[in-house]
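First comes the structure, then the notes that go with it.
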4 protein chains.
Amino acid sequence: MSSYTENKDDLLKRLRRIEGQVRGIQRMIEEDQYCVDVLVQIAAVRAALYKVGFNILQNHAHGCVMKAIRAEEEAGDQAIDELLDVIFRFTK
Amino acid sequence: MSSYTENKDDLLKRLRRIEGQVRGIQRMIEEDQYCVDVLVQIAAVRAALYKVGFNILQNHAHGCVMKAIRAEEEAGDQAIDELLDVIFRFTK
Amino acid sequence: MSSYTENKDDLLKRLRRIEGQVRGIQRMIEEDQYCVDVLVQIAAVRAALYKVGFNILQNHAHGCVMKAIRAEEEAGDQAIDELLDVIFRFTK
Amino acid sequence: MSSYTENKDDLLKRLRRIEGQVRGIQRMIEEDQYCVDVLVQIAAVRAALYKVGFNILQNHAHGCVMKAIRAEEEAGDQAIDELLDVIFRFTK
């Protein structure tokens, strides 16, 4: 079960836009556009992916993690460790 | 003119793989897969984009920036400022 | 109440070492040492502070946050929001 | 020779303030203050160090790096590599 079910449509719309932006970067490179302009676009896609991830993360923390903590001691500790682990992987 | 002309094919191949990964994340969300698995995939795509950008950045610094610095005082200072600006935008 | 009471001595020892490193950077600048060497030292202090913070963060998540979530619905949601907020402030 | 000679006094003033902030964090821990407040302070010190480093970095890029690039081909490439390396160490 996932905690993002409610805003699934919004997430999918954003990811389709990101897919289009990645194709746009390919076109820029094929057309030999200026390095800095390509880099600015790559930074924009990374920022957009960050926002999508942050949204999923928030829902996960308020959904799955809270449920696990309320269920039992050990499951809660595991959920917290998993949460911190994925956040630090994500913010690197 | 761009400084990445030599490894254009490699960059395009990597960006096509990234495009496929973004489609993969859409599928994961459609199938309601576990939040943490989706987040790990988003982190992987961000890391792959970072590597593509870093490659372009290195070529840019050794190519365009050095050329501008050798050309004249003012162009060199501008190229350095633009380089630092895009790096910090990129590493955010 | 804090969640780091158990490893207070270790945290204080590490912070005293960090204080010494900051003084060391001042000396490097007074002696006009090479910019890159100063920057490497600043990066080291930032990394050391990150580790201290991460340690406090882990104890906080397993301590205060879990307690708040078990106590009542609203307190739990607030603790999760505060946790995510401080993590993203911290990883910037 | 360093590229930050001109704003040495400003850098030293900022580093003395940072040293004081690190001592302040030690006091907070000794007094068992709330984890999140300690974390906010650690984030503030990391941000202050980042600004000091960025300042040194800018002067270095416009000073030492440009001089090396103008001096000879190989020294310029080395200076660029060293610059990129320290930036990515620094922004981690």
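No lab work stands behind these numbers, since they all come straight from the coordinates. Treat the numbers as computed from the prediction; the structure is a model and nothing was measured. Cβ: placed from backbone, ideal geometry, glycine included. Neighbour counts: every protein chain shown.
General remarks:
- Cα Rg, Dmax (largest Cα-Cα span) when computed across chain C, Å: 17.5, 57
- Figure legend: label point modelled 7 angstrom from the Cα of A:Asp10 along Cα→Cβ; residues of the range A:27-45 with amide N under 20 Å from it are A:45.
- A Cβ-based charge dipole, computed about the Cα centre of the protein assembly as shown with Lys and Arg at +1 and Asp and Glu at -1, lands at about 0 debye.
- Neighbour counts of other Cβ atoms within 10 Å put D:Leu49, C:Leu57 in the fewest-to-most order D:Leu49, C:Leu57.
- Where GluC sites (Glu not before Pro) in DSSP loops with at most 16 other Cβ within 10 Å are excluded, longest remaining stretch of chain B: B:32-71
- Shortest-first distances to equivalent copies, position C:Asp37, nm, label 7 Å out along Cβ: 4.1, 4.4, 5.2
- Inter-copy label distances at B:Asp81 (7 Å, Cα→Cβ; nm, one decimal): 3.0, 4.1, 5.1
- Chain D: relative contact order as a whole-number percent, Cα under 8 Å and 6+ apart: 30
- Electrostatic dipole magnitude of the range A:8-90 [Cβ: Lys, Arg +1; Asp, Glu -1; Cα centre; debye, to 20]: 500
- Signed unit charges on C-beta, dipole axis of the range A:7-92, positive-most listed residue A:Val86, A:Gly63, A:Leu15: A:Leu15
- Entry note, chain B: the mean residue ellipticity at 222 nm calculated from DSSP H runs of n ≥ 4, each adding -39500 (n - 2.57), is -27000 deg cm²/dmol after division by the residues and rounding to the nearest 500.
- Electrostatic tally near C:Lys13: other residues with Cβ closer than 13 Å to its Cβ, Lys and Arg +1, Asp and Glu -1, net +1.
- Distance from the C-alpha centroid of the range D:27-61 to that of the range A:25-92: 24 Å, rounded to the whole angstrom.
- Position B:Asp10, label points 7 Å along Cα→Cβ, spacing to each other copy in nm (shortest first, one decimal): 4.0, 4.1, 4.2
- Net +/- balance of residues flanking A:Leu83 in space, Cβ distance below 12 Å, scoring K and R +1, D and E -1: -3
- Over all projection directions, the Cα-based convex hull of the protein assembly as shown averages an area of 19.5 nm².
- Among the listed pairs B:Lys67/D:Lys51; B:Lys67/D:Lys67; D:Lys13/D:Lys51, those beyond 24 Å (Cα-Cα): B:Lys67/D:Lys51
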